[in-house]
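A.B. asks: Sharing a structure, written as structure tokens. Questions coming.
The values are calculated or read from the model by the stated rules, or taken from the named source; none is laboratory data. Since the model is a prediction, treat every value here as computed from it, not as a measurement. Reconstructed Cβ throughout: ideal geometry from the backbone, glycine too, with neighbour counts over all protein chains shown. Surface accessibility is based on the protein's heavy atoms, side chains included, excluding ligands, DNA and RNA. Shrake-Rupley method; radii C 1.70, N 1.55, O 1.52, S 1.80 Å.
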Amino acid sequence: MRKNFLGVSMVVVAAVVAAVTSAGAANAAPAPKPIPNSSPGWLTHGKNLGTTSPNSPVSVRVYLAPNGGVNALKDAATAASSSHHFLTPAQYHAQFDATAATVGAVSGWLTGSGLRVKAEANHRYLDVTGSVGAANKAFGVTIANFSHDGLSVQAPTGPASAPDSVAASIIAVSGLDTTVSIVEPRTKKPSPPSDGFRNAPVCSHWYGDQNPTTLPTPDGTALPQFNGATLPYAPCGYTGPQLRNSYEAGAAAGLDGRGVTVAITDAYASPTIEADANRYATDTGDQPFAKGQFTQNLPRSFTQVHANKSPRQCDASGWYGEETLDVEAVHAMAPAANIRYYAGASCQDTDLLDTFSRINDDGVATIVTNSWGGVGDLVRPALLLAYETAFLQGATEGISYTFSTGDSGDEAASVGSPQTDYPASDPYVTGVGGTSTAITPTGITGETGWQTTKYGLANGAWAPTVPFLYGGGGGYSSNIAEPDYQTAAGVHSPNGGRALPDVSMDADPTTGMLVGQTQNFTGTAAYDTYRIGGTSLASPLFAGMTALKIQASGHGLGLLNPTIYADHSGFRDVTGAGIDAGAIRVDFVNGLDAGDGYVYSVRSFNTTNTTLKVGTGWDSETGWGSARAGWLTPAP
């Protein structure tokens, strides 16, 4: 047997070394865990330009899990929405805010790497600043310079991670990737948003009451039939009384939204919104806001965003039109409801997410309409769990969230494959899609799914010029599983994803709403009206109607979808019956007046150029259909 110079057996030494090594492995710290959805979705096609200087600055927001975890909050939101026993904001914070110990542990990890930390008042997130070198150390990443999609950014080369001891307390991180994540309004207005626009006055007051045989074109242009049929002119734009009296026909007396507050979120804030809404209401036969009926909750300041030197940016004046539509549509459907407008400081995800914190913490509104969203959901949004936490907090307090499903149909023309849009595809919100809607003096006489092909005049006939122009969002999510309430209702998702839309309302710009807004007309600010559409119209119409249901119930409702999917008798199944193949649009060439002449087009209804279809029962264009008076039945 060999011995070392001290005379100790080498076999014994080897055994001791092996035992020590084994014990060390057993006691080693657990490996860091990845932070959910923290790897940039564009990495597969971005170009790595080299590591970022460790001295470059970083500004990061780390979102914390609710106390007990997201699943516990989901259970609480589901139970509260079923029993209608809701928490106050104070009760929610006492039960679900991340604890001081959690904030201390996560902060300690970050400061230990050389970063500076400031906690949000209710422990939703930590704002973290410092250097790239410190962020690399803390999050276990290598931050590099990239170019992608015309942008120049810095971002991690893979997912961020956190120590096992705190990983369960972190649900999202933003800012490591400096790609500005912006959302877009869902309005469809045929002119640059910062410019004024007027519809040509060749249109129908009610659907179908004017056509080229009853109202000749102003310049003598002969308009042929379309597939052998004489099409009507597009409506001039439905007014509040027309929409309300059609959708809410047969509602119980006294239902007008009184005592209910509807919250609206958008980016920025129109300086003329209340004056515009009051004039519009008065001019179209409704009452203006009473004193205090319309209020605003604004951030301390607004931020103009130019997204990473690309053409994408937040255009404040464009969001003014969105806000105008939202406010006037809600007031049309619920004329006695209070409206509180919550403005985001910009159109970035984080700023719109902050509006939900303000809504939930105020505890004043019981229904929230949101007419904006991202494009597609092929990649899970980095802030998905932060968004869901906000929706779930609202549900525990009796607050319901609705979202427009988008205006690009199945998104295939935009992103190359059929997809739904987020946040509408979140299972804890109600996604509102779009219809083309025929409203006559007798009510809604026809509806179909909103998917539009544009036709122009060519050699005396109508010829397609844009195969797919726009349409209501729908389909099946690539990344969010189909929720139980959909499978229980028999909705079949071919890929197992969340199906959209849940319900629909009028959205087609050709059958859209007349709105009034102060706009910029060749350098002069002036009030005027125009017709507008998009699922930006559908969501506030539905939220306004839901305010009446809340009034009838005497309490908030929380999560709406379990109720809608369990009993959708309050919705009219949209099958395409009772409406023409399309309508004729007459527009000013310059968007303002007849000085440069007119342009004529046909905008079809329910084009078949997407994967979305209208059918009996739930369908991928219109969900369960559009709301009627049955939806206003009180909840127990």
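A.B. asks: Do we find a residue being in a helix (DSSP H, G or I), at pLDDT 95 or above and surrounded by 18 or more Cβ atoms within 10 Å (Cβ to Cβ) anywhere in region 587-604?
C.D. replies: no
A.B. asks: Related question: For region 309-420, which fully contained helices (runs of 4 or more DSSP H) count at least 3 residues that are within 30 Å of residue 284 (Cα to Cα)?
C.D. replies: Output list reads 316-333.
Yes/no per residue for (1) touching a residue at least 12 places away in the same chain (Cβ under 8 Å); (2) part of a strand (DSSP E or B); (3) open to solvent by 10 Å² or more (accessible area, probe 1.4 Å):
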position: 436; (1), (2), (3): yes, yes, no
position: 444; (1), (2), (3): yes, yes, yes
position: 447; (1), (2), (3): yes, yes, no
position: 453; (1), (2), (3): yes, yes, no
position: 456; (1), (2), (3): yes, yes, yes
position: 462; (1), (2), (3): yes, yes, yes
position: 473; (1), (2), (3): yes, no, no
position: 478; (1), (2), (3): yes, yes, yes
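A.B. asks: Of the numbered conditions (1) within 19 Å of residue 371 (Cβ to Cβ); (2) in a helix (DSSP H, G or I), residue 262 fails exactly one; give the number of that condition.
C.D. replies: (2)
A.B. asks: Okay, moving on. Output the residues belonging to region 520-568 that are more than 30 Å from residue 84 (Cβ to Cβ) and either outside any strand (DSSP E or B) or open to solvent by 10 Å² or more (accessible area, probe 1.4 Å) (or both).
C.D. replies: Correct list: 520, 521, 522, 523, 524, 525, 526, 527, 528, 529, 531, 534.
A.B. asks: Shifting gears a bit: Go through (1) among the aliphatic types (A, V, I, L, M); (2) open to solvent by 10 Å² or more (accessible area, probe 1.4 Å); (3) touching a Gly at 6+ places or on another chain (Cβ under 6 Å) one by one and return the number of the condition residue 298 breaks.
C.D. replies: So residue 298 meets the others, but not (3).
A.B. asks: It is to be established whether one or more residues within region 327-341 are under 19 Å from residue 561 (Cβ atoms) and not polar (S, T, N, Q).
C.D. replies: The answer is no; no qualifying residue exists.
A.B. asks: Something else now. State yes or no: is residue 510 part of a helix (DSSP H, G or I), more than 30 Å from residue 84 (Cβ to Cβ) and modelled with pLDDT of 95 or more?
C.D. replies: Considered against the rule, which asks whether it is part of a helix (DSSP H, G or I), more than 30 Å from residue 84 (Cβ to Cβ) and modelled with pLDDT of 95 or more, residue 510 comes out as yes.
A.B. asks: OK, next. I'd like to know if region 224-231 contains one or more residues that are in a strand (DSSP E or B), aromatic (Phe, Trp, Tyr) and more than 25 Å from residue 538 (Cβ to Cβ).
C.D. replies: Within region 224-231 (the criterion being in a strand (DSSP E or B), aromatic (Phe, Trp, Tyr) and more than 25 Å from residue 538 (Cβ to Cβ)), the answer is yes, since at least one residue qualifies.
A.B. asks: Follow-up question, since we're still on this one. Pick out the one residue from 315, 286, 354, 362 that is at pLDDT below 95 and of a type in the set (Asp, Glu).
C.D. replies: 315
A.B. asks: Collect the residues in region 170-189 that are under 29 Å from residue 102 (Cβ atoms) and in a strand (DSSP E or B), keeping them in residue-number order.
C.D. replies: Listed by number, the residues that qualify are 170, 171, 172, 173, 174.
A.B. asks: Can you confirm whether residue 136 is surrounded by 13 or more Cβ atoms within 10 Å (Cβ to Cβ) and within 22 Å of residue 354 (Cβ to Cβ)?
C.D. replies: No; evaluated as a whole, the condition is false for this residue.
A.B. asks: Another question about this same structure. Please find, among 168, 138, the residue that is over 25 Å from the mean Cα position of the chain (by Cα) and without any contact (Cβ under 8 Å) to a residue 40 or more places away in the chain.
C.D. replies: Among 168, 138, only 138 is over 25 Å from the mean Cα position of the chain (by Cα) and without any contact (Cβ under 8 Å) to a residue 40 or more places away in the chain.
A.B. asks: Let me ask something else. Return a yes/no flag: does region 249-256 have any residue that is at pLDDT 95 or above, under 21 Å from residue 364 (Cβ atoms) and in a loop (DSSP other than H, G, I, E, B).
C.D. replies: yes
A.B. asks: Next question, about the same structure. Within the set of pairs 6 or more residues apart or between chains, which connect a residue that is closer than 30 Å to residue 253 by Cα inside region 314-335 to a residue that is among the basic types (Lys, Arg) and open to solvent by 10 Å² or more (accessible area, probe 1.4 Å) with Cβ atoms less than 7 Å apart?
C.D. replies: Pairs that qualify, where the first residue is closer than 30 Å to residue 253 by Cα and the partner is among the basic types (Lys, Arg) and open to solvent by 10 Å² or more (accessible area, probe 1.4 Å), are 332/244; 333/244.
A.B. asks: Among the residues of region 596-620, write down those that are under 27 Å from residue 558 (Cβ atoms) and touching a Leu at 6+ places or on another chain (Cβ under 7 Å).
C.D. replies: Selection gives 620 alone.
A.B. asks: I'm trying to understand the selection: among the residues of region 110-124, which are open to solvent by 30 Å² or more (accessible area, probe 1.4 Å) and touching a Leu at 6+ places or on another chain (Cβ under 9 Å)?
C.D. replies: 116, 117, 118, 119, 120, 123, 124
A.B. asks: Check whether at least one residue in region 308-315 is under 19 Å from residue 538 (Cβ atoms) and buried (at least 21 other Cβ atoms within 10 Å of the Cβ), and report yes or no.
C.D. replies: For region 308-315, residues under 19 Å from residue 538 (Cβ atoms) and buried (at least 21 other Cβ atoms within 10 Å of the Cβ): absent.
A.B. asks: Name the residue that is nearest to the chain's Cα centre (by Cα), counting only residues in region 346-389 that are surrounded by fewer than 22 Cβ atoms within 10 Å (Cβ to Cβ) and of a type in the set (A, V, I, L, M, F, W, C).
C.D. replies: So the residue we want is 375.
A.B. asks: Suppose the filter is among the hydrophobic types (A, V, I, L, M, F, W, C) and under 18 Å from residue 517 (Cα atoms); does residue 302 pass it?
C.D. replies: It is false that residue 302 is among the hydrophobic types (A, V, I, L, M, F, W, C) and under 18 Å from residue 517 (Cα atoms).
A.B. asks: Determine if region 522-530 includes at least one residue that is over 26 Å from residue 185 (Cα atoms) and of a type outside the set (Asp, Glu).
C.D. replies: Scanning region 522-530, I find no residue that is over 26 Å from residue 185 (Cα atoms) and of a type outside the set (Asp, Glu), so the answer is no.
A.B. asks: In this structure, does residue 382 turn out to be at pLDDT 95 or above and not polar (S, T, N, Q)?
C.D. replies: It is false that residue 382 is at pLDDT 95 or above and not polar (S, T, N, Q).
A.B. asks: Report whether or not residue 614 is open to solvent by less than 20 Å² (accessible area, probe 1.4 Å), at pLDDT 95 or above and of a type outside the set (Asp, Glu).
C.D. replies: no
A.B. asks: In this structure, does residue 489 turn out to be surrounded by fewer than 20 Cβ atoms within 10 Å (Cβ to Cβ) and either under 27 Å from residue 368 (Cβ atoms) or under 20 Å from the mean Cα position of the chain (by Cα) (or both)?
C.D. replies: yes
A.B. asks: Tally the residues that are at positive phi and crowded, with 17+ Cβ neighbours inside 10 Å, restricting the search to region 139-159.
C.D. replies: Number of matching residues: 1.
A.B. asks: Continuing with the same structure: Could you check residue 574 against (1) assigned to a loop (DSSP other than H, G, I, E, B); (2) farther than 17 Å from residue 430 by Cα; (3) open to solvent by 10 Å² or more (accessible area, probe 1.4 Å); (4) at pLDDT 95 or above and say which number it fails?
C.D. replies: Failed condition: (3).
A.B. asks: Right, here's the next one. If residue 116 passes every condition in (1) at positive phi; (2) charged (D, E, K, R); (3) in contact with a Gly (Cβ under 6 Å, 6 or more places away or on another chain) but one, which one does it miss?
C.D. replies: So residue 116 meets the others, but not (1).
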